[in-house]
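What follows is a short report on a single structure.
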Amino acid sequence: MPPPSAPLQKTTNVVAVHDIPIECDVYDAVDYPSTTPVFLFFHSGGLAAGARNMIPPWLVQTCFARKWPLVSASYRLLPQVDGNGLLADARAAYSFAQSLNTATPQSPSKVVVGGASAGFFLAALVAHHLSPPPLALLSITGIPTFRHSFFNSSTLIPPEPITEDEIALFVSEPVTVGRHIFDPSGVFSLASLLPSGAKNPSFQPDKKLPEGFTEDPARGLLFDYYLYENLFLDLVGSVDPGFDWAAADEAKLGKWPMTIFFHGDDDDDVNLDVCTSVVKSLGDRAQFFMAKGQGHLFEKAYFLEDLGEDRNTPLGAVLKAIDALDRVVAGQS
């Protein structure tokens, strides 16, 4: 049950069983109309960690203000699954999002798909492989493809990020969805919002993690290990078409959903060129907003009130992306 003052209700739904249950959390309210888009979100964590309750508060507020149901999806993690497993989980989450509101199989809900960091890779898989395509895509300092030199040109000179014993431990684990919180500040709580949807100034984060979730920064180091060993294409390349196709496949490009990116130019985890090279490939199917001086997932704990209203500041890149998303949805709804 939500806190008494919470503006939203949260429900958890099993949307598939792929070795283990695949769950989605839905944040909505009883007065939401059946005509609004659904926002499907995939969490960060390098495809090897993270959790579906790691949602930036500003995104929850954005969806609430527009009465868009927000679906935050689980997916199975590397190394227990490969790209095909990720695609299967993304398909289940997308089908579930399409079924919300009063939509029928013949008239599915329109869905905006977004993701943070590696979560955007799953959003891109939806656009590449599933039909009908999303209404739009939103990349939150995201990874649109692993077919980029940043992910596949390690010199193997730096020290290994984790030991072989740690790797063996992770590989021997049973298949899991993301229940690994590497940064508790990124966990969203319904109690952090007032009934109006505004930031609750008296909210104090719970120091205890939700049941079933663990604080596990070590598992997140698998992302660094796969970079170090140039393994990402081996793991997910079977479902990752990259974006070189955009220069030659006009038909596919014409159907590609408008994709809105914001990215910091001081991002050590996902090089800025990963984003800008894809933006260049997509041409007028992409919009890009730079957050000067900002690092990876710089906005993960911000509320709209923390972002301010000045779109010319570094944090204004998030606001510009929201504005752009509004224009896309308004033009296609």
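So what is the relative contact order of the chain, in percent, for Cα pairs below 8 Å that sit 6 or more residues apart? Relative contact order for the chain comes out at 21 percent.
Full extension of the chain between residue 218 and residue 20 yields a length gain of 69.0 nm, computed as 0.36 nm times the residue separation minus the alpha carbon distance. When the convex hull of its Cα atoms is viewed from all sides, the chain shows a mean projected area of 16.7 nm².
A Förster radius of 35 Å, combined with the Cβ-Cβ distance separating residue 252 from residue 13, puts the computed FRET efficiency at roughly 0.65. With all projection directions averaged, the alpha carbon convex hull of the stretch 43-160 covers 8.4 nm². Applied to the stretch 108-116, the Karplus parametrisation 6.51 cos²θ - 1.76 cosθ + 1.60 on θ = phi - 60° returns per-residue 3J(HN,Hα) values of x, 4, 6, 10, 8, 10, x, x, 9 Hz, with x for Gly and Pro. Amide H to amide H, with H built 1.01 Å from N, residue 216 comes under 5 Å of 181, 182, counting only residues 5 or more places away or on other chains. Remark on residue 176: its backbone amide H falls under 5 Å from those of 77, a criterion applied only to residues 5 or more positions apart or on other chains, H modelled at 1.01 Å from N.
Using Cβ point charges alone (K and R +1, D and E -1), the dipole size of the stretch 9-332 about the Cα centre works out to roughly 1280 debye. In summary, the lysines within cross-link reach of residue 320, defined as a Cα separation below 25 angstrom excluding same-chain residues under 8 places away, comprise 67, 110, 199, 255, 280, 292, 300. Taking Cβ atoms as reference points and 14 Å as the exclusive limit, the residues near residue 127 contribute a net charge of +3, counting Lys and Arg as +1 and Asp and Glu as -1. The length gained on full extension between residue 149 and residue 66, counted as 0.36 nm times the residue separation minus their Cα-Cα distance, comes to 26.0 nm. Remark: spin-label model distance residue 172-residue 285 equals 4.5 nm, labels positioned 7 Å along the Cα→Cβ axis. Over the stretch 4-66, the fraction of Cα-Cα pairs per 10 Å bin, rounded to whole percents and listed from the shortest bin up, is 16, 49, 28, 7.
A P(r) calculated from all alpha carbon pairs of the stretch 222-274, with 10 Å bins opening at zero, reads 18, 36, 37, 9 percent.
Amide H contacts of residue 288: 261, each under 5 Å away and 5 or more positions distant or on a separate chain (H built 1.01 Å from N in the peptide plane; Pro and chain starts excluded).
For the chain, the longest piece that avoids every one of the GluC sites (Glu not before Pro) found in DSSP loops with at most 15 other C-beta atoms within 10 Å covers 1-210. Taken one residue at a time, the phi angles of the stretch 242-255 give Karplus couplings (6.51, -1.76, 1.60, θ = phi - 60°) of x, 9, 5, 4, 4, 6, 10, 10, 5, 5, 5, 4, x, 9 Hz. Gly and Pro are set to x.
Only the coordinates and a few stated rules stand behind these numbers; no lab work does. Owing to the predicted nature of the structure, the values given are computational and were not obtained by experimental measurement. As a convention, Cβ positions derive from the backbone with ideal geometry for all residues, glycine included, and neighbour counts pool all protein chains shown.
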